[in-house]
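The values are calculated or read from the model by the stated rules, or taken from the named source; none is laboratory data. Computed from a predicted model, the values in this text were never measured in an experiment. Methodologically, a virtual Cβ is constructed for each residue, glycine included, from the backbone with ideal geometry; neighbour enumeration extends over all protein chains shown. Just so you know, the surface numbers come from the protein's heavy atoms only, side chains and all, with ligands and any DNA or RNA stripped out. Shrake-Rupley method; radii C 1.70, N 1.55, O 1.52, S 1.80 Å.
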Amino acid sequence: MRLEGVELRRVRMPLVSPFRTSFGTQTARDILLLRAVTPAGEGWGECVAMADPLYSSEYVEATADVLRRFLLPALGAAPDALARHGAPAVASVLSPIKGHRMAKAALEMAVLDAELRAAGRSWARELGAVHDRVPSGVSVGIFDSVAQLLDVVGGYLAAGYVRIKLKIEPGWDLEPVRAVRERYGDGVPLQVDANTAYTLRDARHLARLDEFGLLLIEQPLEEEDVLGHAALARQIATPVCLDESIVSAQTAAAAITLGACSIINIKPGRVGGYLEAVRIHDLAAAHGLAVWCGGMVETGLGRAANAALGALPGFTLPGDISASDRFYATDVTEPLGIVDGHMTVPTGPGLGVTPIPEVLDEVTTSVEWLPL
Ligand code: SMG
Ligand code: MG
């Protein structure tokens, strides 16, 4: 594998409806896409960083900056490692540069996609997928009223989604959960995600969610409050799942050992790439923990890769792997749909999906070519 350069392409995609979480409301997604160019063809990467550092410390401008200033020059200075080891060399070459996992993940994704496309191998096969389709869950935002929420949830259930995740925050937790249970019954697989909106002082309040038989509560406390999650897990019956706190296999191992979670949401971008994501999957499986694949409002590129990851054997809970039309009227790839509540895992070379040039051009706000 020899990398000639990487194109950074910023796209702006309007969302079909506002997506409100405990940290803000999004009406459009500003995304950095990477196109890795090699003599044998190209590969695509999608950076999951958001426009603002509200979900995590990374944000889209910062990821472009660190790629330009540090990550691509570092990779350019290590052609032998890349030639010899291919995509797995990316993380090791970039390891002296601290943090910036979403930027690193996007670069590794683009390089791995180029490599797999050239070899005619699929993402799913490369990662170790064992299923040809994955159950599709949907993440539902915060609304002004419970009535609105119930309508939206009803629509997703009618569309076949097999699991509902409700975003919660103080003031929007017991009531929406109770309303969904009352309207749609105890049989609906249901979970909640607080995106760090609570503190350990809320433990008794959060314990009131216990009666609703939730699959899990995701990241109730601050990213760095691993001990707080361990203490909370002892005070509530709902299983604690970590998202923001898990940024590597090492932090996953610590959280598991400390009893901070019994389930992990794996997002490849958050942990520095799909290869690290597989290591967390393996670690969790060795400890008997369930994992599921999270979502970062990706285009079809990221979603296709997530579907392949979610098809590994340890992904025993439905992921946030909703169809293209959950967020986008027009995806940059062929639309990914769900049938009987499942998304088919792509089997073509690499990611198995490719941006449609005309659609891509329409949503592109800037293009920058960075030779290596
Ligand atoms: O991609 O379906 C999706 C969104 C899933 O809720 C989702 N992601 O904390 O898990 C999470 C959030 C992070 C992004 S919210 C803008
Ligand atoms: Mg989350």
In order through region 267-282: 3J(HN,Hα) via Karplus (6.51 cos²θ - 1.76 cosθ + 1.60), integer Hz, x for Gly, Pro: 10, x, x, 5, 9, x, x, 5, 6, 5, 4, 5, 5, 5, 4, 5
Keeping every protein chain present and rolling a 1.4 Å probe, give me the accessible area per residue for the chain in Å². 39 Å²
What is the helix-to-structure angle for 226-235, meaning the angle in degrees between its Cα long axis and the longest Cα principal axis of the chain, kept from 0 to 90 and rounded to the nearest 10? 30 degrees
Computed over the chain, the relative contact order (Cα-Cα under 8 Å, seq sep at least six) in percent reads 22 percent
Label-point separation in nm, ASP186 to ARG121, each point 7 Å along Cα→Cβ: 4.8 nm
Based on a Kirkwood Rh over C-alpha pairs, give the Stokes-Einstein translational diffusion coefficient of region 1-101 at 25 °C and viscosity 0.890 mPa s in µm²/s. 163 µm²/s
Sticking to Cα atoms, compute the Rg of region 125-344 to one decimal and its Dmax as the biggest Cα-Cα distance, whole number, in Å. 16.6, 46
Please express the Cα-Cα pair-distance distribution P(r) of the chain as a list of whole percents, one per 10 Å bin, running from 0 to the bin with the greatest distance. 5, 25, 35, 24, 8, 2, 0
Rounded to whole angstrom, the alpha-carbon centroid of region 138-171 lies from that of region 335-363 at a distance of 25 Å
Could you go through region 174-182 in sequence order and give the Karplus-derived ³J(HN,Hα) for each residue, using 6.51 cos²θ - 1.76 cosθ + 1.60 with θ = phi - 60°, rounded to whole Hz, and x for Gly and Pro? 4, 5, x, 5, 4, 5, 5, 4, 5
Could you pull the Rg and Dmax for region 239-296, using just the Cα atoms, both in Å? 9.7, 27
Under a 5 Å amide H to amide H cut-off, with H placed in plane at 1.01 Å, what residues pair with VAL140 once short-range neighbours are removed? LYS165, LEU166, LYS167
Nonlocal amide H pairs with ARG29, under 5 Å, H built at 1.01 Å: MET13, LEU15
With all protein chains present, the chain has a carbon and sulfur share of its accessible area (1.4 Å probe) in percent of 52 percent
Per DSSP, the loop-located GluC sites (Glu not before Pro) within region 315-372 having at most 11 other beta carbons within 10 Å are none
If you average the alpha carbon positions of region 13-66 and of region 274-334, how far apart do those two centres end up, in angstrom? 16 Å
Net charge within 12 Å of PRO170 by Cβ-Cβ distance, Lys/Arg positive one each and Asp/Glu negative one each, not counting PRO170 itself? -3
Subset of LYS167/LYS267; LYS165/LYS267; LYS104/LYS167 violating a 25 Å alpha-carbon distance limit: LYS104/LYS167
Ordered by residue, what ³J(HN,Hα) values in Hz, to whole numbers, does region 332-347 give under the Karplus form 6.51 cos²θ - 1.76 cosθ + 1.60, where θ = phi - 60° and Gly and Pro are x? 7, 9, 4, x, 9, x, 10, 10, 6, x, 10, 9, 6, 7, x, 10
Express the Stokes-Einstein translational diffusion coefficient of region 70-125 in µm² s⁻¹, to the nearest whole number, given a Kirkwood radius over alpha-carbon pairs, 4 °C and a viscosity of 1.567 mPa s. 112 µm²/s
What percent do you get for the relative contact order of region 1-140 when only Cα pairs under 8 Å and 6+ apart count? 24 percent
Taking only Cα atoms of region 59-153, radius of gyration then Dmax in Å: 19.0, 59
Whole percent per 10 Å bin, from 0 to the bin with the longest distance: what is P(r) over all C-alpha pairs of region 94-221? 11, 31, 24, 23, 12, 1
